[in-house]
Amino acid sequence: MAIRLIYQLACQLFRWLALLARSSASKDVEILMLRHQFGVAQRIQPRPQFSWSDRAVMAALLRMVNKQQRARLVLLFTPRSVLRWHTRLVARKWTYPRRNPGRPSKPGALRHLVLRLARENPGWGYRRIHGELLGLGRKIGASTVWEILKNAGIDPAPQRTDHSWPTFLKAQASAIVSTDLFHVDTVFLRRWFVLFFIDHDTRHVHIPGITRHPTGP
């Protein structure tokens, strides 16, 4: 398939070189004839189908035409069709198993234990409950404990009821940094993963590097 694409691109290059030696008048006549043929071809039902190599060549040639000239061209496809071709190509290349969005649900026994600790110890906040769970060998995030208590209608910090959660976040923003990965797909269908950090206080984004193998060394 790659050889076929290279062959078609080479043919287009030689045709372009041959056009340089022709006069502009003969080119204009040929353009008028091609436009008329396109008008006839557009009336054909069903319309002719493009192969994958035809789509690649036409997309590359269309890239070389500016927006004003593109609006005057009479084509068998629209610029939106080119975007649809690229979307299908990327979707065919990067296919992942479907999964439900969001985090997995918490086990019922763990939720019951969190609520029991909160009810039997009214003075404990979510941080204290989180520490007790770690001592019991239950690996759970502090934010998960806070969410379970909040959904159950229990104040996650009974001893600090005069401070709201947004106020706490604002006060601790200078010490909070978030990190994650996002990916970028290149024109050659190679996926690069970018590691970034966000400073919650200044909203500055720091990018330490990119890699094709985020799980490697």
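The values are calculated or read from the model by the stated rules, or taken from the named source; none is laboratory data. All values reported here derive from a predicted model rather than from experimental measurement. Neighbour counts run over all protein chains shown; Cβ positions are idealised from the backbone, glycine included. Please note that ligands, DNA and RNA were not included when accessible areas were found on the heavy atoms of the full protein model with its side chains. Shrake-Rupley method; radii C 1.70, N 1.55, O 1.52, S 1.80 Å.
Key figures
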{"item": "Residue among ALA142, ALA118 that is within 27 Å of HIS200 (Cβ to Cβ), among the hydrophobic types (A, V, I, L, M, F, W, C), surrounded by 13 or more Cβ atoms within 10 Å (Cβ to Cβ) and at pLDDT 80 or above", "result": "ALA142"}
{"item": "Residue under evaluation LEU181, criteria (1) of a type in the set (A, V, I, L, M); (2) at pLDDT 90 or above; (3) part of a helix (DSSP H, G or I), criterion not met", "result": "(3)"}
{"item": "Conditions (1) modelled with pLDDT of 85 or more; (2) out of contact with any Phe, Trp or Tyr (no Cβ under 7 Å at 6 or more places or on another chain); number of the one not met by ARG128", "result": "(1)"}
{"item": "The range 182-203, subset over 19 Å from the mean Cα position of the chain (by Cα) and loosely packed, with under 10 Cβ neighbours inside 10 Å, residue farthest from ALA59 (Cα to Cα)", "result": "THR202"}
{"item": "Close pairs from the range 189-217: first in contact (Cβ under 8 Å) with a residue 24 or more places away in the chain, partner open to solvent by 100 Å² or more (accessible area, probe 1.4 Å), Cβ under 7 Å, at least 6 apart", "result": "LEU189/LYS93"}
